[in-house]
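> Please find one structure pasted underneath; my questions will follow.
The values are calculated or read from the model by the stated rules, or taken from the named source; none is laboratory data. None of these values were measured; they are calculated from a predicted model. We place every Cβ from the backbone using ideal geometry, glycine too, and count neighbours over all the protein chains shown.
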Amino acid sequence: MHLSNQQWEVVSPLLPKPVKKDGRGRPRRDDREILNGIFWILRTGAPWKDMPSGTYPSYQTCHRRFQEWSRTGTLEMILQVIAEDMQKRGKLSLEECFIDGTFASAKKGGVVLARLNVEKARKSWQFQTKILFQSPSVWHLLLHTKLPWWRKRLQGDLRKRIQNALSEIERMTAIH
């Protein structure tokens, strides 16, 4: 997933401005490239070391920035702002969640998925962002957030359904 220019305009003011004390060391990598790499990890659920090196900065740099932004609450704010933007556009409903096929295999005779319409084309940034929020890799972040906007949307049995799905994924992927 790559942030569109429109999304970047909304997200960029949330990112902290780096402060270099002595002016030494390597120049800081572009925040937009880093965020795209972090979203790739969250969307795919892949290990950090599997991040495509030609497309994104090094996985170490992305992971370091992910830790920094998670610790300061910046990542939470970014996810909230993108989700609010998509909800305003009618592109995201937190009621819709799925388990990736790599975590749970389909049984023969399973439900056939309907074809995506033009609005939800797989290559659109809206679809890619929606996949990010529906991916099990980001659910633990959603469950532990303290932002009122998220808590309001995780009311009722949605929180319980997500917790149950995460437990099931953990059970299915446990090494025995």
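> Restricting to segment 18-35, name every residue that is assigned to a loop (DSSP other than H, G, I, E, B) and at pLDDT 85 or above.
ARG29, ASP30
> Tally time: how many residues in segment 1-44 are β-branched (Val, Ile, Thr), in contact (Cβ under 8 Å) with a residue 60 or more places away in the chain and surrounded by fewer than 15 Cβ atoms within 10 Å (Cβ to Cβ)?
Adding up the residues that qualify gives 0.
> Looking at (1) of a type outside the set (Gly, Ala, Ser); (2) under 22 Å from GLN80 (Cβ atoms); (3) not in a loop (DSSP other than H, G, I, E, B), which is the one condition that is false for LYS49?
(2)
> Given the structure, is ILE38 over 14 Å from ILE131 (Cβ atoms) and part of a helix (DSSP H, G or I)?
For ILE38, the condition - over 14 Å from ILE131 (Cβ atoms) and part of a helix (DSSP H, G or I) - is met.
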